[in-house]
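Colleague: Take a look at the following structure, please.
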Amino acid sequence: MAISSFNPPVRTLMGPGPSDVHPRILEAMSRPTIGHLDPVFVHMMEEVKELLQYAFQTRNQLTLPVSAPGSAGMETCFANLVEPGDKVIVCQNGVFGGRMKENVERCGGEAVMVQDPWGRAVDPQKLEDALKANPDAKLVAFVHAETSTGAQSDARALVELAHQHDCLTIVDAVTSLGGTPVRVDDWGIDAIYSGTQKCLSCTPGLSPVSFSDAAADKIKNRSRKVQSWFLDMNLVIGYWGGGAKRTYHHTAPINALYGLHESLVMLQEEGIENAWARHAHNHNALKAGLEALGLTFVVPETERLPQLNAVTIPEGVDDAAVRTRLLKEFNLEIGAGLGDLAGKVWRIGLMGHASRAENIVLCIAALEAVLADMGASINTGVALGAAQKALAGK
Ligand SMILES: *Cc1c(COP(=O)(O)O)cnc(C)c1O
């Protein structure tokens, strides 16, 4: 039997990522493929690095996209900065902090865990206590925006504490970049990684990373080679580093990089402060609607991410049945709970191009229709008005 072309439906993506991809980015990705050492392509690579410096708010020379998804950016930071025997303090307040621990241990390091409740920010006091108890620690790692819960930690304060104790920092900004302030230079972050499919409105598959001069020095002066050949920044830089000596390391994902370039051009056009403000404004509107329905947020207001809204599933409501109906009847995807929160919460993303008024209205209306039809005890007839009022800034 002949298999025919794959034609996916058009969905509205309001989960934890991927989020809606802007049509301009899809169009950019369909442009002609050229060689990865073609001078025209090399010129575009230099622009991508410069645009990423803007997105990260940094002048770090070692700023580039790793040719693989966010998890590979995470692995790049740990594989390059952790040497066997190194002690690393990992702050965990959700799923992704657990993956950091895995990374430390697979690099032969020792992970000292600082645990905070899921749904709360990382507590700086607990980090300080751990730093005092472990004066031999070399690195501190934490997730800025915990996508599994919707909690945002105070990256500036955590980095400052780490530096007071002579530790370098690894920060997960997969969900924060482009959606909420990330200021690499002002905050002194040493190594940071992100992803393209969350607040950058791009397709999945690339991971922007940036390393401070101190982190770059540490990578250059390691006592042993980085265990991973593909992720070794000392080798990757031979291709991404620029200059006339640029040589083949791996074949860059050419068309995916056209997409990232376009998404970063769009971020520059909007202005990064305006992008942050848009995410905050739209979060307020979604929040007004969800609370009018009677749903409650998992994370306390002051620790909440605007781009990832975790709400508790009402008593007696079938989690999977609701999400299936939203997908089938409204082409709307929202996220399920992860880990400890599986079956207990929904995660509603307002990331990048998905963070816009029409998505908020669709999400509130569709949730109300499905929940009311299933007999859930929610308030009907008030949520859309509440969201619209907040959208209008009233
Ligand atoms: C999505 C996500 C990742 C992993 O990114 P992938 O592109 O799925 O590999 C890592 N950390 C956080 C906080 C994320 O939200």
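The values are calculated or read from the model by the stated rules, or taken from the named source; none is laboratory data. Keep in mind it's a predicted model, so treat the numbers as computed, not measured. Don't worry about glycine lacking a Cβ; one is built from the backbone with ideal geometry, like all the others, and counts go over all protein chains shown. SASA here: full protein model, heavy atoms, side chains in, ligands and nucleic acids out. Shrake-Rupley method; radii C 1.70, N 1.55, O 1.52, S 1.80 Å.
Colleague: Pick from the stretch 320-346 the residues that are open to solvent by less than 20 Å² (accessible area, probe 1.4 Å) and either touching a Cys at 6+ places or on another chain (Cβ under 9 Å) or of a type in the set (Asp, Glu) (or both): which of them is nearest to SER176 (Cα to Cα)?
Modeller: Filtering first and then ranking leaves ILE334.
Colleague: Here are the criteria: (1) within 16 Å of the ligand (Cβ to nearest atom); (2) in contact with a strand residue (DSSP E or B) (Cβ under 8 Å, 6 or more places away or on another chain); (3) closer than 15 Å to ASN80 by Cα. Tell me which single one SER153 does not satisfy.
Modeller: Here SER153 meets the rest and fails (3).
Colleague: Here is a list of conditions, (1) farther than 15 Å from ALA111 by Cβ; (2) open to solvent by less than 10 Å² (accessible area, probe 1.4 Å); (3) within 16 Å of the ligand (Cβ to nearest atom), and ALA68 meets all of them except one; can you say which number that is?
Modeller: (2)
Colleague: Considering (1) farther than 21 Å from THR175 by Cβ; (2) assigned to a helix (DSSP H, G or I); (3) of a type outside the set (S, T, N, Q), say which one ALA72 fails and leave the rest.
Modeller: (1)
Colleague: Considering only residues of the stretch 186-211 that are among the aliphatic types (A, V, I, L, M) and in contact with a strand residue (DSSP E or B) (Cβ under 6 Å, 6 or more places away or on another chain), which is nearest to the ligand (Cβ to nearest atom)?
Modeller: The residue in question is LEU206.
Colleague: Sticking with this one: Given the conditions (1) assigned to a helix (DSSP H, G or I); (2) surrounded by 20 or more Cβ atoms within 10 Å (Cβ to Cβ), report the number of the one that ASP217 does not fulfil.
Modeller: (2)
Colleague: In addition: Tell me yes or no: at least one residue of the stretch 48-68 is closer than 16 Å to THR169 by Cα, among the hydrophobic types (A, V, I, L, M, F, W, C) and part of a helix (DSSP H, G or I).
Modeller: yes
Colleague: Here is a follow-up. Name every residue in the stretch 112-155 that is over 22 Å from GLY70 (Cβ atoms) and among the charged types (D, E, K, R), in order of residue number.
Modeller: Matches in the stretch 112-155: ARG120, ASP123, LYS126, GLU128, ASP129, LYS132, ASP136, LYS138.
Colleague: Consider GLY375 against the criteria (1) on the phi > 0 side of the Ramachandran plot; (2) surrounded by 14 or more Cβ atoms within 10 Å (Cβ to Cβ); (3) of a type outside the set (Phe, Trp, Tyr): it satisfies all of them except one. Which criterion is unmet?
Modeller: Just one mismatch for GLY375, condition (2).
Table: residues versus (1) over 22 Å from TRP276 (Cβ atoms); (2) touching a residue at least 40 places away in the same chain (Cβ under 8 Å).
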position	(1), (2)
HIS43	yes, no
GLU47	yes, yes
LEU52	no, yes
GLY73	no, yes
PHE78	yes, yes
LEU81	yes, yes
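Listed here are the residues, each with its yes/no results for (1) assigned by TED's automatic domain parsing to the domain that holds VAL143; (2) in contact with an Asp or Glu (Cβ under 8 Å, 6 or more places away or on another chain); (3) charged (D, E, K, R).
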{"position": "PRO65", "(1), (2), (3)": "yes, no, no"}
{"position": "GLY73", "(1), (2), (3)": "yes, no, no"}
{"position": "ASN80", "(1), (2), (3)": "yes, yes, no"}
{"position": "LYS87", "(1), (2), (3)": "yes, yes, yes"}
{"position": "VAL90", "(1), (2), (3)": "yes, no, no"}
{"position": "GLY94", "(1), (2), (3)": "yes, yes, no"}
{"position": "ASN103", "(1), (2), (3)": "yes, yes, no"}
{"position": "GLY109", "(1), (2), (3)": "yes, yes, no"}
{"position": "MET113", "(1), (2), (3)": "yes, no, no"}
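Colleague: Would you please list the contacts, defined by Cβ atoms under 9 Å and residues six or more apart or on different chains, that run from a residue in the stretch 160-172 that is in contact (Cβ under 8 Å) with a residue 24 or more places away in the chain to a residue that is among the acidic types (Asp, Glu) and open to solvent by 30 Å² or more (accessible area, probe 1.4 Å)?
Modeller: The qualifying pairs are LEU161/GLU128; GLN164/GLU128; HIS165/GLU128.
Colleague: Scan the stretch 75-99 for residues that are within 12 Å of the ligand (Cβ to nearest atom), touching a helix residue (DSSP H, G or I) at 6+ places or on another chain (Cβ under 9 Å), among the small types (Gly, Ala, Ser) and in a helix (DSSP H, G or I) and jot them down.
Modeller: GLY98
Colleague: Being surrounded by fewer than 20 Cβ atoms within 10 Å (Cβ to Cβ), acidic (Asp, Glu) and either within 16 Å of the ligand (Cβ to nearest atom) or part of a loop (DSSP other than H, G, I, E, B) (or both) narrows it down to one residue among GLU102, GLU128, GLU160; which is it?
Modeller: GLU102
Colleague: Okay, next question. List pairs: first in the stretch 120-135 and assigned by TED's automatic domain parsing to the domain that holds THR147, second surrounded by 16 or more Cβ atoms within 10 Å (Cβ to Cβ) and aromatic (Phe, Trp, Tyr), Cβ under 6 Å, 6+ apart or cross-chain?
Modeller: Partner pairs satisfying both residue conditions: VAL122/PHE142.
Colleague: Just for the stretch 1-42: of the residues that are in contact with a strand residue (DSSP E or B) (Cβ under 8 Å, 6 or more places away or on another chain) and more than 16 Å from the ligand (Cβ to nearest atom), which one is most open to solvent (accessible area, probe 1.4 Å)?
Modeller: Once the filter is applied, the top-ranked residue is ARG11.
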